[in-house]
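The values are calculated or read from the model by the stated rules, or taken from the named source; none is laboratory data. Computed from a predicted structure; not experimentally measured. Ideal geometry is used to build each Cβ from the backbone, glycine not excepted, and the neighbour counts take in all protein chains shown.
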C-alpha cells in the first residue's frame with residue numbers, strides 16, 4: 001500500500017473514531033432487548049409456550065434490529081459530514097488523488113464496518129435463539145425477516161453519504177427521494193419470511209445505490225464527456241430514483257383514489273331456494289339492506305327467517321322456527337349445532353411454510369384436548385419426521401422412529417409430499433394429520449395414547465397438491481379439504497372418500513372460497529382476489545355433491561365505473577408500475593408490470609416527452625441525452641420529474657450559499 005492510500009485510510013479512521021463506539025452500543029442494546037423479550041415470554045409461558053407463541057403467532061421480538069438502519073446513518077454521518085462542512089468538499093476533490101478513488105475508499109471503509117456490524121448482529125440473533133433451543137426451522141425464517149432491515153441499513157448509509165457529499169439542494173433532495181421508497185418497502189414488520197422471494201431483488205437495488213454516491217459527489221467535478229464513470233452513475237441513480245418514486249406514488253395514489261366498495265354477504269337459503277344478500281351502503285353505514293338474488297327486497301326479519309340454521313335463536317324468540325326444513329323435521333337444538341363455516345384462500349398456501357408442527361393426543365384422558373410436550377418437523381428430504389423437545393432442543397429419537405415406522409408399516413412410500421393438520425386444542429376432537437406419499441396416496445396419522453396410529457385412506461391424488469386444510473367440526477361432515485392445481489376436494493369424515501367441489505374454472509393461484517354446510521345442504525362462494533371485475537359465483541349442492549342451484553353475482557356497476565376511471569388515470573401517470581403484491585399471494589414481491597390501459601400509458605409517455613420539450617429552456621434540452629428521453633418514454637411523468645430535479649443546478653433558487 002502506497003503512502004497516498006495509507007494517508008486516506010488514516011483520515012477515515014480519524015473521522016470514524018469519534019463516534020464509531022456507538023455501533024457496538026447499539027448492537028448490545030439490540031441483542032439485550034431481543035433476549036429480554038424472549039426471556040419474558042419464557043418466564044410467563046414456559047419453554048413450550050415460548051415456542052408455541054413464536055411459531056404460531058410470530059411476534060416481532062427482534063424489532064429493535066431496526067436499529068441497524070441507525071448504524072448505517074451514523075457511519076455515513078461520521079464519514080461524510082466532516083468532508084462537507086465549510087469548503088472542505090471542494091478542497092477534497094482538488095487533491096492529487098482521483099476523486100473516484102477517494103469515494104471508493106470511503107465507501108469500502110464504511111461498507112466493511114457495516115458488514116461487520118450486520119454479521120455480528122445476525123450471529124447474536126442466531127445465538128440468542130439457540131439459547132432457547134430453537135431449531136434452524138425457526139431461526140432461518142427469523143433471519144430472513146431481518147435481512148431486509150440489514151439491506152436498508154446499507155441503503156441508509158449510502159443515502160447519508162450521498163446527502164452530505166452533495167454540492168447543491170437538488171442532489172440532497174434526490175438522496176432523500178431515493179431513501180424514502182426503500183424505507184417504505186423494506187422497513188415493514190410482517191410475518192416471518194414474507195420477503196424471501198424478493199431478497200435478491202432487494203440486494204441488487206442496494207448495490208445500485210452505490211452509484212448515487214458517485215453521481216451526487218462527482219456532480220461538480222466535470223461533465224460526462226470528461227468523466228465517463230459519472231455518466232454511468234448518473235443514469236443508474238436517476239433510474240433508481242424514478243423506480244422508487246413510481247412505486248411510492250402508485251401506493252399513495254391508490255390509497256387516495258380507491259372508491260368505497262359495497263361488501264355483500266351471500267348465503268344460500270333452504271327456505272327461499274335461492275341466494276340471499278345483505279349489504280350496507282358505505283355512505284349509510286347504519287342502513288343494512290337485504291334482498292334475494294331475483295331482486296326482491298327483504299326485511300331484517302324475513303332475511304333471518306331464510307337462514308334457520310344461522311339465526312335459530314332469533315326464530316325461537318319470535319316463535320317462527322319452522323317445523324320442517326326442506327321437508328325434513330329439524331329441531332332448534334339440531335339446528336343450533338348443525339352448521340359450519342369454512343374459508344379457503346390461495347393466500348394461505350402461497351406463503352412461507354410452517355416452521356414446526358404440533359401433534360395432539362387424539363385420545364386425551366379428560367374431556368378436552370391438551371397440548372403435547374413437543375413439536376415435530378419433516379426433515380429436509382421428506383423421508384422422516386422428527387420430534388423436538390422445547391425444553392432441551394434435543395430430538396426424541398425413539399418417538400421419531402416410531403412415527404416414521406408407523407407410516408412405513410401402513411404402506412406409506414416416502415418422501416412426504418404434502419401434509420396438513422389443525423393443532424387447535426379448542427376443537428372437540430382431533431383427526432391428526434393427513435399426508436400424501438410419493439405416489440399421491442392419502443394417509444391419516446394420529447397420536448393415540450402417546451403412540452402412533454396410521455391408516456391408509458385408500459384415496460390417491462394424481463394432481464399436484466397445493467395445500468391440505470384440516471377443519472374438525474362437531475358436525476362431523478368433513479375432515480377438511482385438499483386443494484390441487486385443478487380442483488378442491490372435501491375429505492369426507494364418514495369413509496375418508498374424496499368429493500370434488502363443482503367449482504367453475506378453478507384457479508388455484510388466486511382464489512377465495514367460503515363454504516357453508518348444514519345438516520341438509522352445502523353451498524360455497526368463489527371469488528378471484530385482485531380483480532374488481534370478478535363476479536361472485538355461488539353454488540348450492542346436495543349431500544351427494546350434486547348442484548341444486550347456482551347464481552352469479554356481478555359487481556356493482558358504479559364501483560366498476562369508478563375503478564375503471566381511476567385505472568385510466570393511473571395508466572396515464574404510471575406507464576410502468578412497480579408493485580409488491582400479487583393477487584392470491586401472501587409474499588411481499590417486487591415486480592415491474594405494464595399499465596392496465598396501454599393507450600393511456602402511451603399517452604402519458606408522449607405527454608411527458610412533450611412537457612420536457614415545452615417547459616424547460618434550451619439549455620436544459622441540450623443537456624438531455626438519449627438515455628434520458630428513453631427513461632421518460634418508459635416511466636412517463638415520474639422520470640421527467642426526477643430528471644427536471646437533477647437539471648435545476650444552474651437555477652439561482654438551488655444554488656448553495
Item to complete: Identify, by number, the condition in (1) outside any loop (DSSP other than H, G, I, E, B); (2) over 22 Å from residue 451 (Cα atoms) that residue 380 doesn't meet.
Response: (1)
Worksheet entry | So residue 184, is it at pLDDT 90 or above and assigned by TED's automatic domain parsing to the domain that holds residue 156 | yes
Item to complete: Name the single residue, out of those in segment 131-140 being touching a helix residue (DSSP H, G or I) at 6+ places or on another chain (Cβ under 8 Å) and in contact (Cβ under 8 Å) with a residue 40 or more places away in the chain, that is farthest from residue 41 (Cα to Cα).
Response: 138
Response to the item:
Here the residues within segment 468-483 that are surrounded by fewer than 20 Cβ atoms within 10 Å (Cβ to Cβ) and farther than 13 Å from residue 431 by Cα are 475
Practice prompt. Kindly indicate the residue of segment 142-174 that is out of contact with any helix residue (DSSP H, G or I) (no Cβ under 8 Å at 6 or more places or on another chain) and assigned to a helix (DSSP H, G or I) and also surrounded by the most Cβ atoms within 10 Å (Cβ to Cβ) among those meeting that condition.
Written response: 145
Worksheet item: Of the residues 201, 265, which single one is touching a strand residue (DSSP E or B) at 6+ places or on another chain (Cβ under 7 Å) and loosely packed, with under 15 Cβ neighbours inside 10 Å?
Response: 265
Practice prompt. Take segment 100-119 and flag every residue that is in contact (Cβ under 8 Å) with a residue 40 or more places away in the chain and closer than 16 Å to residue 75 by Cα.
Written response: 103, 105, 106, 107, 109, 110, 111, 113, 114, 117, 118
Worksheet item: If you go through segment 582-598 one residue at a time, do you hit one that is at pLDDT 90 or above, surrounded by fewer than 13 Cβ atoms within 10 Å (Cβ to Cβ) and more than 31 Å from the chain's Cα centre (by Cα)?
Response: no
Worksheet item: Any residue at all in segment 370-378 that is out of contact with any helix residue (DSSP H, G or I) (no Cβ under 6 Å at 6 or more places or on another chain) and free of Cβ contacts under 8 Å to residues at least 24 places away in the same chain?
Response: no
Practice prompt. Collect the residues in segment 507-532 that are surrounded by fewer than 19 Cβ atoms within 10 Å (Cβ to Cβ) and under 15 Å from residue 469 (Cβ atoms), keeping them in residue-number order.
Written response: 512
Discussion item. Condition first: touching a residue at least 40 places away in the same chain (Cβ under 8 Å), part of a helix (DSSP H, G or I) and out of contact with any helix residue (DSSP H, G or I) (no Cβ under 7 Å at 6 or more places or on another chain). Now tell me which residues in segment 251-274 satisfy that.
Written reply: 251, 254
Worksheet item: Say we look at segment 533-549 and pick out the residues that are free of Cβ contacts under 8 Å to residues at least 40 places away in the same chain and under 34 Å from the mean Cα position of the chain (by Cα); which of these is surrounded by the fewest Cβ atoms within 10 Å (Cβ to Cβ)?
Response: 533
Worksheet item: Residues in segment 175-186: is at least one surrounded by fewer than 24 Cβ atoms within 10 Å (Cβ to Cβ), touching a helix residue (DSSP H, G or I) at 6+ places or on another chain (Cβ under 7 Å) and part of a loop (DSSP other than H, G, I, E, B)?
Response: no
Worksheet entry | Those residues of segment 385-420 which are under 13 Å from residue 438 (Cα atoms) and either surrounded by fewer than 20 Cβ atoms within 10 Å (Cβ to Cβ) or under 32 Å from the mean Cα position of the chain (by Cα) (or both), in sequence order | 408, 411, 413, 414, 415, 416, 417, 418, 419
Worksheet item: Hey, does segment 273-291 have a residue that's within 30 Å of residue 571 (Cα to Cα) and exposed (fewer than 12 other Cβ atoms within 10 Å of the Cβ)?
Response: yes
Worksheet item: Only one residue in 379, 385, 325 is assigned by TED's automatic domain parsing to the domain that holds residue 431 and modelled with pLDDT under 95. Which one?
Response: 379
Practice prompt. Go through segment 424-492 and tell me which strands (runs of 3 or more DSSP E), entirely inside it, have 2 or more residues that are touching a residue at least 60 places away in the same chain (Cβ under 8 Å).
Written response: 441-448, 465-470, 478-484
Worksheet item: Looking at segment 21-59, which of its residues are under 30 Å from residue 110 (Cα atoms) and crowded, with 17+ Cβ neighbours inside 10 Å?
Response: 23, 26, 27, 30, 31, 34, 35
